[in-house]
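Since the structure comes first, as structure tokens, the remarks are kept for the end.
The values are calculated or read from the model by the stated rules, or taken from the named source; none is laboratory data. Source: prediction; values computed, not measured. Every residue, glycine as well, gets a Cβ built from its backbone with ideal geometry; the counts of neighbours run over all protein chains shown. Please note that ligands, DNA and RNA were not included when accessible areas were found on the heavy atoms of the full protein model with its side chains. Shrake-Rupley method; radii C 1.70, N 1.55, O 1.52, S 1.80 Å.
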Amino acid sequence: MSSQQQSPLPAAKLTRRSFGTAVGVTALGVSSSEAVAEERPFRAARGRSSRRPNILFILGDDLGWADLSSYGSTHIRTPHLDRLGRQGVRFTDAYSGSATCSPTRFSLYTGRFPGRTKGGLAEPIADKSVGLDPTHPTLASLLRDAGYATALIGKWHCGYLPDYSPTKSGWDEFFGNFGGALEYYSKLGLGGEYDLFRGDVREGDAEYKDLRYYTRILTEAASDYVRRDHDQQPWLLNLNFTTPHWPWIADGDEEESAEIVRRIKAGDRQALWHADGGSLAKYKEMVEDLDRSVGEVLRALRESGQERDTLVFFASDNGGERFSYNWPLSGNKGSLQEGGIRVPALLRWPARIDGGQVSRLPVFTPDWTATLLELAGARPHPAYPLDGTSLAGYLTRDTEVAERDLFWRVRGERALRRGDWKYYRGKSGRDQLFDLATDEREQADKAAARPELLAQLKAAWERTDAGLLPYS
């Protein structure tokens with residue numbers, strides 16, 4: 001039986017996954033038995049009609065797979081995101097397109113493997129030499145050509161001005177930061193520059209800059225956008241929070257902010273990494289603030305009257321960092337072990353999809369690009385074929401998704417998933433094989449027991465790799 005066809009568990013039998021869900025929901029006042037009973041295996045509700053959906057695509061930054069209470073966290077409460085999942089579909093086996101920030105964003109915006117483009121080879125982008133080529137079609141440009149209004153609010157991290165920008169790659173509007181990280185109050189980036197822009201112009205001047213906590217600013221901007229009168233025009237909003245990415249600063253931590261700013265201005269190029277800061281308690285504050293912020297944007301969407309016809313998707317851009325809770329997965333951000341690429345993923349579309357569902361279908365970032373294009377009636381560019389598979393039929397027509405390979409490549413590591421089997425080679429250089437159905441922690445190497453399968457998956461990985469740009 002494939003992972004997407006598993007039978008529902010009887011209420012009395014808890015797997016590690018369902019136990020984690022039960023514990024997380026119990027923390028919110030719902031019993032574990034109710035948690036198991038509430039979630040049922042995904043099945044599309046066929047035959048419904050709807051206009052093309054608005055699309056609200058939300059990314060958290062470096063959020064771990066189990067950092068939401070609905071994914072097993074016992075100490076972080078995320079009621080708004082948990083509710084979003086209960087109103088739609090929670091994906092247990094969703095993956096990012098890569099193990100770090102900018103390559104995953106390349107895979108979302110292009111629908112292709114990061115290694116298809118020069119900018120995607122940077123893991124992540126750290127200078128102005130590369131970025132998302134404005135001539136490359138994107139999710140935004142293709143949707144705009146199909147009649148959508150498009151906006152990106154928050155973190156871009158796909159190249160710097162003057163050559164690269166969201167407004168050069170299909171987004172009508174941009175408000176946010178270009179770099180991979182910024183200090184939450186001062187908006188100083190990795191190079192010490194002020195990194196808050198409206199379009200391609202820095203927001204404010206020497207007399208005025210918005211020095212409020214960044215997550216507040218993004219939440220306000222996104223809420224304003226969804227409340228706007230779009231005059232029946234469908235819209236795409238990419239809302240890219242920087243939370244809970246370092247530096248480890250929560251709303252109200254002005255003193256810690258001031259110390260980091262002092263270090264940045266003194267020439268400390270490592271200040272934003274905040275290696276001497278943070279804690280589990282601080283990380284909890286940041287994730288719970290992200291949850292509240294998403295809740296505010298969803299409330300604005302509801303009050304606008306557009307909730308029913310808006311597809312909302314939430315995920316992380318890659319696995320968690322050093323304060324994340326990833327149990328039972330191994331590895332963190334930067335690794336192609338499960339903890340580096342498996343992410344929480346929630347989807348809600350009231351007009352077409354029933355709530356209270358869970359999907360164990362293996363999916364990854366490029367799939368969502370293909371899916372959204374199909375649902376919006378937009379066509380991929382024939383010269384830039386997608387690497388993702390559209391899930392539109394699975395989500396709306398109960399069409400089975402054929403078994404396929406999910407592929408990843410980063411410097412020094414490789415991975416490929418087919419069904420429940422995962423081929424992995426880490427920095428040790430040893431080819432390994434794991435059965436994720438029974439060993440999602442990747443501890444029982446089946447390479448010696450299944451040499452033919454290992455050889456098949458390895459060959460499949462190498463065929464795909466041969467079509468990508470080489471690392472320099």
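If the condition is being crowded, with 24+ Cβ neighbours inside 10 Å and either in a helix (DSSP H, G or I) or in contact with a Cys (Cβ under 8 Å, 6 or more places away or on another chain) (or both), then the range 63-81 contributes S69, S70, Y71, L81.
Listed by first and then second residue, the pairs with beta-carbon distance under 6 Å, at least 6 apart or on different chains, first residue in the range 179-198 and in contact (Cβ under 8 Å) with a residue 12 or more places away in the chain, second in a loop (DSSP other than H, G, I, E, B) and among the β-branched types (V, I, T), are Y184/I249.
Among the residues of the range 82-105, those identified as in contact with a strand residue (DSSP E or B) (Cβ under 6 Å, 6 or more places away or on another chain) and assigned to a helix (DSSP H, G or I) are L84, G85. In summary, D420 fulfils each of the numbered conditions (1) among the acidic types (D, E); (2) touching a Ser or Thr at 6+ places or on another chain (Cβ under 7 Å); (3) open to solvent by less than 20 Å² (accessible area, probe 1.4 Å) with the single exception of condition (3). Residues in the range 127-145 that are surrounded by 15 or more Cβ atoms within 10 Å (Cβ to Cβ) and either in a helix (DSSP H, G or I) or among the small types (G, A, S) (or both): G131, L139, A140, S141, L142, L143, R144.
The residue that is most open to solvent (accessible area, probe 1.4 Å), among those in the range 294-339 that are under 19 Å from the mean Cα position of the chain (by Cα) and among the hydroxyl-bearing types (S, T, Y), is Y325. Within the range 158-171, one or more residues are open to solvent by 30 Å² or more (accessible area, probe 1.4 Å), at pLDDT 95 or above and assigned to a helix (DSSP H, G or I). Residue check: E285 meets all listed conditions (1) open to solvent by 10 Å² or more (accessible area, probe 1.4 Å); (2) at pLDDT 95 or above; (3) in a loop (DSSP other than H, G, I, E, B) but one, namely (3).
For every residue, the table says whether it meets (1) open to solvent by less than 10 Å² (accessible area, probe 1.4 Å); (2) at pLDDT below 95; (3) not in a loop (DSSP other than H, G, I, E, B).
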position: G179; (1), (2), (3): yes, no, no
position: Y184; (1), (2), (3): yes, no, no
position: G192; (1), (2), (3): no, yes, no
position: Y208; (1), (2), (3): no, yes, no
position: L211; (1), (2), (3): no, yes, no
position: R216; (1), (2), (3): no, no, yes
position: T219; (1), (2), (3): yes, no, yes
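Within the range 353-369, can one find any residue that is open to solvent by 10 Å² or more (accessible area, probe 1.4 Å), modelled with pLDDT of 95 or more, among the hydrophobic types (A, V, I, L, M, F, W, C) and not in a helix (DSSP H, G or I)? Within the range 353-369 (the criterion being open to solvent by 10 Å² or more (accessible area, probe 1.4 Å), modelled with pLDDT of 95 or more, among the hydrophobic types (A, V, I, L, M, F, W, C) and not in a helix (DSSP H, G or I)), the answer is yes, since at least one residue qualifies.
Would you mention how many residues in the range 111-126 are surrounded by 17 or more Cβ atoms within 10 Å (Cβ to Cβ), of a type in the set (G, A, S) and within 18 Å of F178 (Cα to Cα)? It would help to see each step written out before you state the result.
Taking the range 111-126 and keeping what is surrounded by 17 or more Cβ atoms within 10 Å (Cβ to Cβ), we get 111-117, 119-125.
Keeping just the survivors that are of a type in the set (G, A, S) gives 111, 115, 119-120, 122.
So of that shortlist, the ones also within 18 Å of F178 (Cα to Cα) come out as 119-120, 122.
So the answer is 3.
With respect to the stated conditions, T396 is more than 21 Å from the chain's Cα centre (by Cα), among the β-branched types (V, I, T) and buried (at least 18 other Cβ atoms within 10 Å of the Cβ). Against the conditions (1) open to solvent by 10 Å² or more (accessible area, probe 1.4 Å); (2) without any contact (Cβ under 8 Å) to a residue 40 or more places away in the chain, A250 satisfies every one except (1).
Condition test on K265, is it open to solvent by less than 90 Å² (accessible area, probe 1.4 Å) and either aromatic (F, W, Y) or on the phi < 0 side of the Ramachandran plot (or both)? I'd like the intermediate steps shown before the answer.
Details: open to solvent by less than 90 Å² (accessible area, probe 1.4 Å): no; either aromatic (F, W, Y) or on the phi < 0 side of the Ramachandran plot (or both): yes.
No; evaluated as a whole, the condition is false for this residue.
Among the residues of the range 268-275, at least one is of a type in the set (K, R) and modelled with pLDDT under 95. All told, F174 falls short of being free of Cβ contacts under 8 Å to residues at least 60 places away in the same chain, open to solvent by less than 20 Å² (accessible area, probe 1.4 Å), of a type in the set (A, V, I, L, M, F, W, C) and closer than 23 Å to D251 by Cα.
Out of all the residues in the range 423-437, which are without any contact (Cβ under 8 Å) to a residue 60 or more places away in the chain and surrounded by 15 or more Cβ atoms within 10 Å (Cβ to Cβ)?
Hits for the range 423-437 are Y423, R425, D431, Q432, L433, F434, D435.
Among residues of the range 438-453 being assigned to a loop (DSSP other than H, G, I, E, B) and open to solvent by 60 Å² or more (accessible area, probe 1.4 Å), the one that is nearest to E338 (Cα to Cα) is R441. Within the span defined as the range 246-253, every residue fails to be modelled with pLDDT under 95 and either more than 23 Å from the chain's Cα centre (by Cα) or of a type in the set (A, V, I, L, M) (or both).
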